[in-house]
Amino acid sequence: MKRKLSNWALFLIFLLGFFVLAACSDSETGQGDDQSDKKEEPSAEDPITLSFFSADGTEKEFNDPVAQKITEETGIKLELDYPVGGNDEAIPLMIASGDYPDLIFAKGDIGKLIEAGGVIKLDDLIEEKGENLKAMYGDQINRLRNSIEDPSIYTVGTYGVENAYWETSGTFQIQLDVLRELGYPEIKTLEDFEAALTEYYEKYPEIDGQKTIPLSLLGSDWRWLITVGDPAGFAAGLAGDGQWAVDDETGEATYKFLLPELKEYFKWLNGLNAKGLLDPESFTQTYDTYISKLSSGRVLSVADQNWDFADADKALVADGKEWRTYAPLPVTLGEGYKSQSLKNYGFSGGWGIAISSTSEYQEEAFEFLDWMASEEAQILVNWGIEGENYDIVDGKRVMQEDDRERMNNDKDYSKETGVGYYIYPFPQWGNGAVDSTGQPITPNSEEQIIENFNTAEKEVLEEYEMENWIDCFPSTEELGISKHGQAFNYTIPAGSDLQIIQQKADDLTEQRITQAILGDPADFDKAWDDMIAELEAMNISKANEEMTKMVQDTMELWGTNE
């Protein structure tokens, strides 16, 4: 007699049959759980979008011809983000919310992201799939490492690895017409500089119906550092270490505003202000106002980085005011000081682009950064697209004439075409590098720089019996190679004594020095002494000790301390 199966047994048999069929189906179609979770490879037809925050970014869509070519080659599109209105709280806000973009260029705030666990270590990825990055950095790769205590790599990019020094930036600059009008004088000291401004200003109190401005600065925002603080150090013969004066042999670092040479420079500015030679709006004007003044041709001199006022320079040329553009000068406090404008800092490492710990596309983001280090990418971002921006003539890349013209005179050229736009802060070979055929990786060779000088520049250079402006500066060879890079580029640990004290010191010096410059000359010495006392009270000596250790540790990490 047969026994009937219970309902429960029948149900179990049914379930078993279902799972067997499902397993067979998965096996036959190749779409089991492991396969369904696998990501599709990015392509131009179906690209992955990576969000990218750049602390130096501006409003821009990733849709220009070079950007489109990047997507075509990598399957990656970038969603570009930047700090609105120069907001320096963008990184702290990211950390507080835990909401990070895929790629982050945080500049000096990278230490905060590392401390918060907001970015990943790149060492294993570089070793496993970073062939282009390894080839680019070569024996300089240790300069990417975070610190002696944490020798991990968190960022890549920002600065060129192989650099040539064919032009200066950040120097004192004076209008070409001032030099012509005064018979091409030799200007090497602040005294020479002031004498030239004074003589020309007295002869021409107005330019094109507007009041002449002998010297204008931009001290109302973060550019206080590059138009007020940095020029003081350059005048004193200091290298470009930001807020620090560093002994390159011993590694000893001093907060530079403690130095008497810095006092001498700011006292000179105070005197210019009292004489009516300094733009009274130097510490209140906006960037747009500053550029507008320079573009009008009525500002006789600046102390600024070339990239900061490049738009004004192009506007002057476009307006036929070539004689109102500027000549860089090796101006110092006196004959005993040497301009460091052509100093070779080597590859500085430090700042760069990081990949966030929350990105779901970490490997794809890394592969994109590695591709940006390739020869193909470097030619693309520097030269643009063959046939559209440059041609091959006798086997060599030659910029098309209209592109060359726009590159030099149109402030919107880079944004509209993408040519040159995606070099900084991405991995870059540097303007001294050559490709596998021996050709320069950038279109800005010294020959091209000289060729691109406007007609007024060429005339002035001929009068001084020079071919290039660098001919009047101490040479790169004479100045030697820095053993410690540049101190401003170090990743200072978030919340450390150094970070806290320097931030307080920076806030204080910006405020007190501005007040001292604009004050009565009779009060300058007291104002300066009071500031020094405040710095000492906040334990600035502790910051000096901590930065000294950081410099020495960096030299040890890089192997340059011998």
Per-region count, the range 45-76, residues small (Gly, Ala, Ser) and assigned to a loop (DSSP other than H, G, I, E, B) = 3
Say whether the condition of being touching a Phe, Trp or Tyr at 6+ places or on another chain (Cβ under 7 Å), outside any helix (DSSP H, G or I) and more than 22 Å from Leu342 (Cβ to Cβ) is met by at least one residue in the range 401-418.
-> no
The residue from Lys293, Lys321, Lys314 that alone is of a type in the set (D, E, K, R), over 16 Å from Asn408 (Cβ atoms), in contact (Cβ under 8 Å) with a residue 24 or more places away in the chain and in the same structural domain as Lys188 (by TED's automatic domain parsing) is Lys293
Flag for Ala354 being surrounded by 22 or more Cβ atoms within 10 Å (Cβ to Cβ) and within 23 Å of Gly430 (Cβ to Cβ) | yes
Those residues of the range 370-396 which are modelled with pLDDT under 95 and either in a strand (DSSP E or B) or surrounded by 19 or more Cβ atoms within 10 Å (Cβ to Cβ) (or both) amount to Lys396
Given (1) modelled with pLDDT of 95 or more; (2) more than 20 Å from Tyr154 (Cα to Cα); (3) in a helix (DSSP H, G or I); (4) not hydrophobic (A, V, I, L, M, F, W, C), index of the condition Glu79 fails | (3)
Criterion (of a type in the set (Gly, Ala, Ser) and either surrounded by fewer than 19 Cβ atoms within 10 Å (Cβ to Cβ) or in contact with a Phe, Trp or Tyr (Cβ under 8 Å, 6 or more places away or on another chain) (or both)) met by exactly one of Ala310, Ala315 = Ala310
Among the residues of the range 364-378, is there at least one that is in contact with a His (Cβ under 9 Å, 6 or more places away or on another chain), of a type outside the set (Val, Ile, Thr) and under 24 Å from Ser54 (Cβ atoms)?
-> no
Lone qualifier among Phe234, Phe283, Phe266, Phe309 - being under 20 Å from Leu215 (Cβ atoms), free of Cβ contacts under 8 Å to residues at least 60 places away in the same chain and among the aromatic types (Phe, Trp, Tyr) = Phe309
Checked against (1) closer than 30 Å to Gly346 by Cα; (2) modelled with pLDDT of 95 or more; (3) surrounded by fewer than 16 Cβ atoms within 10 Å (Cβ to Cβ); (4) out of contact with any Lys or Arg (no Cβ under 8 Å at 6 or more places or on another chain), Glu462 satisfies every condition except (1)
Looking at the range 474-558, what helices (runs of 4 or more DSSP H) fall wholly within it and have at least 2 residues that are more than 28 Å from the chain's Cα centre (by Cα) and surrounded by fewer than 18 Cβ atoms within 10 Å (Cβ to Cβ)?
-> 497-518, 524-537, 540-558
May I ask you to list the residues in the range 113-154 that are within 25 Å of Gly432 (Cα to Cα) and not in a helix (DSSP H, G or I)?
-> Gly130, Arg145, Ile153
Could you give me the residue pairs with C-beta distances under 6 Å whose first residue belongs to the range 431-445 and is touching a residue at least 24 places away in the same chain (Cβ under 8 Å) and more than 17 Å from Met136 (Cβ to Cβ), whose second residue is buried (at least 17 other Cβ atoms within 10 Å of the Cβ) and of a type in the set (A, V, I, L, M) wherever it lies, and which are 6+ apart or on separate chains?
-> Pro443/Met399
Looking only at the range 120-139, decide whether some residue is of a type in the set (S, T, N, Q) and surrounded by fewer than 20 Cβ atoms within 10 Å (Cβ to Cβ).
-> no
Checking Phe172 against (1) under 20 Å from the mean Cα position of the chain (by Cα); (2) under 27 Å from Phe426 (Cα atoms), which single condition isn't satisfied?
-> (2)
Considering the range 221-236 alone, what residues qualify as being in a loop (DSSP other than H, G, I, E, B) and crowded, with 18+ Cβ neighbours inside 10 Å?
-> Arg223, Ala236
In the range 61-86, what count of residues is obtained for those that are surrounded by fewer than 18 Cβ atoms within 10 Å (Cβ to Cβ), touching a residue at least 24 places away in the same chain (Cβ under 8 Å) and at positive phi?
-> 1
Does at least one position in the range 165-177 carry a residue that is outside any strand (DSSP E or B), modelled with pLDDT of 95 or more and touching a strand residue (DSSP E or B) at 6+ places or on another chain (Cβ under 9 Å)?
-> yes
Is there a residue being under 13 Å from Gly170 (Cα atoms) and hydrophobic (A, V, I, L, M, F, W, C) anywhere in the range 262-271?
-> no
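The values are calculated or read from the model by the stated rules, or taken from the named source; none is laboratory data. Everything quoted here is computed from the prediction, not taken from an experiment. Cβ coordinates were reconstructed from backbone atoms using ideal geometry, including for glycine residues, and neighbour counts include every protein chain displayed.
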